[in-house]
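**Student:** Please read through the structure below; I'll follow up with questions.
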């Protein structure tokens with residue numbers, strides 16, 4: 001009876017590994033592929049012996065014409081065969097007898113195969129089109145395990161002699177593979193964070209561009225209104241002059257000039273980009289009943305690019321404006337900006353709530369869509385090798401940066 005169970009177990013292992021490796025190579029998706037795999041398995045099972053997996057690899061190469069991925073599929077299917085054996089061993093232990101290992105392994109073969117085909121094979125197949133370098137990294141550990149297992153269990157009995165070097169070899173490989181994986185994952189995480197910072201900066205620049213477009217549209221609308229009203233202004237002035245009310249005409253002209261002057265960009269410093277940003281936010285603050293005091297001494301040209309200056313000022317002032325909008329009482333934003341020793345210094349102070357949470361020196365919030373501005377400011381400052389600080393004291397939030 002045990003001989004029959006062992007024979008069935010060997011056949012099930014062959015079918016299990018063959019079907020699974022074919023699924024990893026995506027050769028079961030067509031009727032021709034399924035028939036070829038079935039015919040090939042019949043030949044392979046008849047062959048058995050040590051060349052079984054070599055013949056399996058040749059079959060997959062013929063069907064897929066991908067030598068590297070065919071090898072990886074065979075090796076991965078072999079690894080899954082070990083999973084089948086260990087599940088059988090676990091079931092035998094639970095049932096109370098290690099002598100039932102063969103029967104238990106035979107019993108779990110079909111459920112495990114269906115599970116792997118349904119949930120694991122699609123994920124494995126997704127690596128089929130990855131670059132060869134990625135596939136080599138996947139197959140290296142599988143190949144080491146495959147060669148080690150055959151050397152110490154099939155061709156020799158080194159594993160059963162209890163030699164320390166043999167017993168500790170695979171744990172060593174696992175540790176080394178984990179360290180390599182950790183280094184690779186860390187590098188990918190740094191790259192992901194860098195890309196996220198770049199994306200955030202681009203999003204901020206797009207938002208600022210949209211605000212500038214909106215401001216230009218508003219300016220164009222006002223210009224259109226002035227052009228429309230110009231005829232009426234001239235008619236009124238003509239009537240004043242004809243009736244001899246020259247003082248009234250002069251007062252009217254002064255009033256119109258004052259309105260036009262109010263729409264002009266205010267000169268806070270010599271830097272045109274900074275003046276545009278300060279003027280835009282000064283207008284937004286005025287509409288919301290918020291005061292803003294700007295003390296700026298920036299030259300026409302800075303070591304910081306105009307786009308980065310826009311990111312810094314726009315994000316900082318946007319955050320200050322949002323904080324003031326949710327406050328009552330005195331609402332004043334104070335801005336100090338100057339250059340010294342080819343370094344830009346910026347300080348922005350605004351009212352804030354008392355329960356601001358800081359993490360690693362940065363203000364954090366759980367509100368969706370918020371916090372991007374702070375990250376963008378930090379990314380720009382770090383790119384220039386500068387320093388920044390965020391603090392809150394006595395109901396005032398202070399941003400300081402130097403770069």
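**Student:** Restricting attention to the stretch 131-177, report how many residues are surrounded by fewer than 11 Cβ atoms within 10 Å (Cβ to Cβ), over 43 Å from the mean Cα position of the chain (by Cα) and assigned to a helix (DSSP H, G or I).
**Tutor:** Within the stretch 131-177, residues that are surrounded by fewer than 11 Cβ atoms within 10 Å (Cβ to Cβ), over 43 Å from the mean Cα position of the chain (by Cα) and assigned to a helix (DSSP H, G or I) number 4.
**Student:** Can you name every residue in the stretch 43-60 that is modelled with pLDDT of 60 or more and either closer than 16 Å to residue 146 by Cβ or surrounded by 12 or more Cβ atoms within 10 Å (Cβ to Cβ) (or both)?
**Tutor:** Of all residues in the stretch 43-60, those modelled with pLDDT of 60 or more come to 43-45.
If the condition is that a residue be modelled with pLDDT of 60 or more and either closer than 16 Å to residue 146 by Cβ or surrounded by 12 or more Cβ atoms within 10 Å (Cβ to Cβ) (or both), then 44, 45 are the ones that fit.
**Student:** Further, regarding this structure: Can you confirm whether residue 330 is surrounded by fewer than 19 Cβ atoms within 10 Å (Cβ to Cβ) and under 24 Å from residue 375 (Cβ atoms)?
**Tutor:** Numbers: surrounded by fewer than 19 Cβ atoms within 10 Å (Cβ to Cβ): yes; under 24 Å from residue 375 (Cβ atoms): no.
No: the conditions fail for residue 330.
**Student:** Residue 71 is checked against (1) surrounded by 15 or more Cβ atoms within 10 Å (Cβ to Cβ); (2) farther than 30 Å from residue 26 by Cβ and fails just one. What number does that condition carry?
**Tutor:** All conditions pass for residue 71, except number (2).
**Student:** May I ask you to say which residue of 309, 302 is assigned by TED's automatic domain parsing to the domain that holds residue 396, under 23 Å from residue 383 (Cβ atoms), in contact with a strand residue (DSSP E or B) (Cβ under 7 Å, 6 or more places away or on another chain) and modelled with pLDDT under 90?
**Tutor:** Working: 309 fails: in contact with a strand residue (DSSP E or B) (Cβ under 7 Å, 6 or more places away or on another chain).
So the residue among 309, 302 that is assigned by TED's automatic domain parsing to the domain that holds residue 396, under 23 Å from residue 383 (Cβ atoms), in contact with a strand residue (DSSP E or B) (Cβ under 7 Å, 6 or more places away or on another chain) and modelled with pLDDT under 90 is 302.
**Student:** Separate question: Quick check: anything in the stretch 175-189 touching a residue at least 12 places away in the same chain (Cβ under 8 Å) and closer than 20 Å to residue 78 by Cβ?
**Tutor:** Yes, that holds for at least one residue.
**Student:** Tally time: how many residues in the stretch 303-342 are under 32 Å from the mean Cα position of the chain (by Cα), in contact (Cβ under 8 Å) with a residue 12 or more places away in the chain and under 19 Å from residue 386 (Cα atoms)?
**Tutor:** Of all residues in the stretch 303-342, those under 32 Å from the mean Cα position of the chain (by Cα) come to 303-326.
Restricting the remaining residues to those that are in contact (Cβ under 8 Å) with a residue 12 or more places away in the chain gives 303-304, 306-321, 323-326.
Now restrict to residues that are under 19 Å from residue 386 (Cα atoms): 303-304, 306-316.
Adding up the residues that qualify gives 13.
The values are calculated or read from the model by the stated rules, or taken from the named source; none is laboratory data. For clarity, every value in this text was computed on a predicted model and none was experimentally measured. Cβ: placed from backbone, ideal geometry, glycine included. Neighbour counts: every protein chain shown.
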